[in-house]
Amino acid sequence: MRYCVFGDIHGNLEALEGVLEHAAGEGAERYVCVGDIIGYGADPHECMERVRALTHEIVAGNHEYAVVGRADIEYFNPYAREAVRWTADHLSDEEKQFVHQLPLVRRVDAFTVVHATVHNPGLFGYIESALAARNSFQALETDLCFVGHSHVPVTFFYNEDGDEIWYSQDTEVPLGDFSRTIINVGSVGQPRDDNPNAAYVLYDSDLQKATFHRIHYDVEFTRKKILDAGLPGILADRLLVGR
Ligand code: ZN
């Protein structure tokens, strides 16, 4: 089975279309979303519609929780807070209801999907260090897990025998040789690793291999949409540099 695992779309329709087109060309059969379909970008409704038409395998991100008042936005930066309010104004009641019932963690076949961390998914912390990864590995009930949230593609490995944790940013990740693996699939709509191209992962369960892809799209067009929508300019400009 080939899974397209993607998330942190953040209302960026052009990036989403680019990823879905590429994934279809790679033979993706199932789609799994690690959350944050909305927030920051100008097309929350369109992105929601596109993702929902493709899959039910969706977990809630902090931006989903924020627009329906399930997460405290006190810790969001002012631009993110403004985007949360703007997004809430541009979703239908039905969409808000849908967002409200999204789970934080999901089991999909033999793997786990969560937006932030496995050990405390509702706190929306980041897996950015070996220590943070250790907590999530200890709480993980499957050998493989996909996450998002940091907008930086990276894979964490855990070897139970040696009790070792390490990470890699290789674009080809062989699975199965290690006890456990947590893959951050990066961000479709607002990458933050100095690469503006949309990110997603194609996971082939037969070959036991995950591949990171980066997709070029018309960033300038998306940037202009965000400005025209009256959203903070910084949310438009950061897309150009992937930061
Ligand atoms: Zn995000």
*If you go through region 25-34 one residue at a time, do you hit one that is farther than 30 Å from Leu207 by Cβ and either touching a helix residue (DSSP H, G or I) at 6+ places or on another chain (Cβ under 6 Å) or modelled with pLDDT of 95 or more (or both)?*
no
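Looking only at strands (runs of 3 or more DSSP E) that lie completely in region 152-237, which have at least 1 residues being touching a helix residue (DSSP H, G or I) at 6+ places or on another chain (Cβ under 6 Å) and more than 16 Å from the ligand (Cβ to nearest atom)?
Values: elements: 154-159, 164-168, 172-174, 180-184, 198-204, 209-215.
Ranges flagged: 154-159, 164-168, 180-184, 209-215.
Select from region 129-145 the residues that are surrounded by 15 or more Cβ atoms within 10 Å (Cβ to Cβ) and in contact (Cβ under 8 Å) with a residue 24 or more places away in the chain and list them in ascending order. Show your work before the answer.
So the first thing to find is which residues in region 129-145 are surrounded by 15 or more Cβ atoms within 10 Å (Cβ to Cβ), and the list is 132-137, 139-140, 142-145.
Those that are surrounded by 15 or more Cβ atoms within 10 Å (Cβ to Cβ) and in contact (Cβ under 8 Å) with a residue 24 or more places away in the chain: Ala133, Arg134, Ser136, Phe137, Leu140, Thr142, Asp143, Leu144, Cys145.
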*asked:* I need the helices (runs of 4 or more DSSP H) fully contained in region 23-106, keeping only those with at least 1 residues that are surrounded by fewer than 22 Cβ atoms within 10 Å (Cβ to Cβ), among the aromatic types (Phe, Trp, Tyr) and more than 12 Å from the ligand (Cβ to nearest atom).
replied: 78-89, 93-100
*asked:* Being closer than 22 Å to Glu64 by Cα and touching a Pro at 6+ places or on another chain (Cβ under 8 Å) is true for just one of Val99, Val114. Which residue is that?
replied: Val114
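Yes/no per residue for (1) surrounded by 22 or more Cβ atoms within 10 Å (Cβ to Cβ); (2) touching a residue at least 40 places away in the same chain (Cβ under 8 Å); (3) of a type outside the set (Lys, Arg):
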residue: Glu164; (1), (2), (3): no, no, yes
residue: Val173; (1), (2), (3): no, no, yes
residue: Val188; (1), (2), (3): yes, yes, yes
residue: Arg192; (1), (2), (3): no, yes, no
residue: Asp228; (1), (2), (3): no, yes, yes
residue: Leu235; (1), (2), (3): yes, yes, yes
residue: Leu240; (1), (2), (3): no, yes, yes
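The values are calculated or read from the model by the stated rules, or taken from the named source; none is laboratory data. These figures come from a predicted structure and were not determined experimentally. Quick reminder, even Gly has a Cβ in these numbers, built from the backbone with ideal geometry, and neighbours come from all protein chains shown.
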